[in-house]
1. Of all the C-alpha pairs in region 432-562, what % are more than 24 Å from each other?
2. What does the charge count near Pro551 come to, summing +1 for each Lys or Arg and -1 for each Asp or Glu among other residues with Cβ under 11 Å from its Cβ?
3. When only alpha-carbon atoms count, how far does region 155-298 stretch along each of its three principal axes, as whole angstroms with the largest first?
4. Mind jotting down the distance between the C-alpha centroids of region 139-198 and region 199-233, whole Å?
5. Using the heavy atoms of the protein chains alone and a 1.4 angstrom probe, what is the accessible area of region 264-355 per residue in square angstrom?
6. Between Rg and the Kirkwood Rh of the chain, both from Cα atoms, what is the Rg to Rh ratio?
7. Can you give me the three principal axis dimensions of region 304-373 from its C-alpha atoms, in Å, biggest first?
8. Greater than 32 Å separation of Cα atoms is the criterion. Which listed pairs, Lys533/Lys558; Lys494/Lys542; Lys46/Lys529, meet it?
Amino acid sequence: IVKLTIDDKPVVVERGTTLLEAAKSIGINIPTLCYMKLEDLNFENKPGGCRVCVVEVEGRRNLAPACKTECSEGMVVHSHTVRVINARRTVMELILSDHPAECLTCAKSGNCDLQSMAQKLGIRELHYKGEQSRYKGDKSPAIIREMDKCIMCRRCETACNDVQTVGVLSAINRGFESVVAPAFEMDLDKSSCTYCGQCVAVCPTAALTERDSTWKVVEAIVNPQKTVIVQTAPAVRAALGEAFGMEPGTLVTGKMVAALKKLGFDYVFDTDFAADLTIMEEGAEILDRLSRHLNGDKEVKLPILTSCCPGWVKFFEHHFPEMIDIPSTAKSPQQMFGAIAKSYFAQQLKKKREDLVVVSVMPCLAKKYECTREEFQVNGDPDVNLSISTRELANLIRNANLDFGKLTDEDFDHPLGESTGASVIFGTTGGVIEAAIRSAYEMFTEKKLEKVDFLELRGMEGIRKATVDFDGLPINIGIAHGLGNARKLLEDIKAGKSEFHAIEIMACPGGCIGGGGQPYHHGDVEILKKRQKAIYAEDAGKPIRKSHENPYIQKLYKEFLGKPLSDKSHELLHTHYFD
Ligand code: HC0
Ligand code: SF4
């Protein structure tokens with residue numbers, strides 16, 4: 001234990017606590033820029049690089065960075081003396097000296113940590129002029145890098161290397177030429193980047209942003225030749241409200257639907273419908289592998305891994321190519337939706353698939369890449385034409401001058417808009433496997449599942465394990481979110497040490513609620529927890545909570561697909577992976 005005073009307030013902390021944390025514990029928020037910590041999610045970035053958090057410690061000649069300085073006995077600390085404030089302003093001016101001053105047109109304007117710090121410190125004049133970086137960056141299908149806007153905070157490196165263990169990003173060069181880049185300065189799309197977007201989610205400026213497709217969506221809507229269909233992912237409804245000043249965790253499903261109708265989409269459908277379909281196919285696959293295993297089939301591969309997260313798919317394709325036959329072959333709900341919309345629904349409309357434009361609204365940036373994959377196209381026509389993020393939808397709504405908070409709730413269209421509680425929880429870590437269990441249990445035991453809430457599968461811990469009783473048969477379930485956590489479970493499988501029958505993996509910490517396309521959390525992990533709560537609340541309020549009970553799914557099988565894992569299902573709803 002260590003006792004000290006900060007701004008004349010006494011504070012007692014554990015040895016090893018930083019001044020930043022000690023100050024926070026007594027309600028003093030020292031400003032930070034490069035520093036970011038996501039409690040519980042293994043994300044802590046404190047390179048001590050920007051020096052915005054400096055404080056004065058009595059008896060020390062130099063100012064101390066609060067994020068890096070440990071408390072010691074008897075310290076007397078001042079967090080906002082004139083000397084401290086002057087130092088912070090000088091530091092900011094130096095950072096801004098080689099930053100392009102494009103705030104009016106910058107993609108991050110209004111959401112930029114650098115901009116808000118400049119405001120907070122009252123910077124009105126720049127006394128220094130630095131060299132502009134010559135690195136302009138590159139464009140991948142999902143992410144745009146504008147490296148002249150990089151301030152070397154290193155948050156993206158922490159996300160990519162420590163949390164995701166993908167290791168694509170590192171600092172190169174020196175001085176004004178220093179940037180964060182893939183090895184040999186290769187473009188992101190040539191690297192093993194998964195497009196998880198976690199680097200984008202933590203970038204303080206517009207050095208890393210999504211590839212924006214909002215205007216392409218508008219062009220499709222105004223084209224009279226096209227029928228434009230939109231699908232919305234489970235996690236979008238739990239976060240979109242934040243972009244309009246609503247409390248995190250506010251569910252805005254009905255307002256989102258109303259906004260999409262006002263924006264002029266011809267049909268507003270739900271990715272959740274396709275999530276129910278995924279459960280039908282993936283559930284059948286789990287049961288098939290499980291029963292073959294129980295019958296002594298030595299060829300069958302267990303555990304089965306979920307495969308609906310495209311960041312995760314790209315991760316195992318690059319990093320565990322020897323294991324590409326383990327994940328489920330079921331396509332993701334986004335892609336199942338596209339395949340069904342452009343076959344079954346196109347038939348109902350008596351239209352050719354090329355006359356339809358399918359747009360998805362996703363919390364995710366990897367979905368932009370997923371829909372460009374060749375296996376998800378028919379004669380060059382993609383099943384999903386355009387994928388936009390939650391943030392891009394918020395911009396579309398703003399562009400159209402809709403007063404989002406005042407919209408009257410509306411319902412999804414039918415038939416591809418009906419969904420169950422099981423599909424809603426896809427949006428958070430643990431939800432896909434819980435949804436699968438709700439259906440697989442009934443299919444396997446032929447008994448009714450009375451208690452649909454599997455609380456043991458829920459939470460925010462990076463790796464979770466639970467055993468579910470299938471009427472006497474214990475089924476071991478694993479859950480990992482964040483690719484670093486996934487890697488640990490995969491290493492166990494590789495070493496033949498895995499105890500699981502089925503594992504759910506989501507690339508983003510928190511699952512899709514924490515996706516790289518969601519409204520920025522600015523380091524507040526409570527926001528993710530509130531979104532998670534909202535997702536479970538939506539599930540609890542749904543009249544039907546098991547995917548196989550969705551009447552429109554039953555109708556789809558009856559009229560079109562036959563049964564799960566049928567030839568037609570295989571043709572439209574299953575895929576394969578590439579090493
Ligand atoms: Fe997800 Fe999905 S749940 S990946 O997290 O499976 O993006 O929200 O749309 O496809 O449904 C994202 C979210 C989806 C898909 C679904 C899955
Ligand atoms: Fe790394 Fe993910 Fe960013 Fe790619 S998108 S660079 S994998 S953090």
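1. Working: 3482 of 8515 pairs.
Percentage above 24 Å: 41.
2. Working: positive: Lys555, Lys558; negative: Asp276, Glu418, Glu549.
Summing Lys/Arg as +1 and Asp/Glu as -1 gives -1.
3. Rounded to whole Å, the extents work out to 57, 53, 38 Å.
4. 22 Å
5. Values: 2920 Å² over 92 residues.
Heavy-atom SASA per residue in region 264-355 reads 32 Å².
6. Values: Rg = 24.9 Å, Rh = 25.0 Å.
Rounded to two decimals, Rg/Rh equals 0.99.
7. Extents along the principal axes, in whole Å: 43, 22, 16.
8. As for pairs spanning more than 32 Å Cα to Cα, those are Lys533/Lys558; Lys494/Lys542.
The values are calculated or read from the model by the stated rules, or taken from the named source; none is laboratory data. Small disclaimer: the values here were computed from a predicted structure and weren't measured. Virtual Cβ from ideal backbone geometry, glycine too; neighbours counted across all protein chains shown. Only protein heavy atoms, including side chains, enter the accessible area calculation; ligands, DNA and RNA are left aside. Shrake-Rupley method; radii C 1.70, N 1.55, O 1.52, S 1.80 Å.
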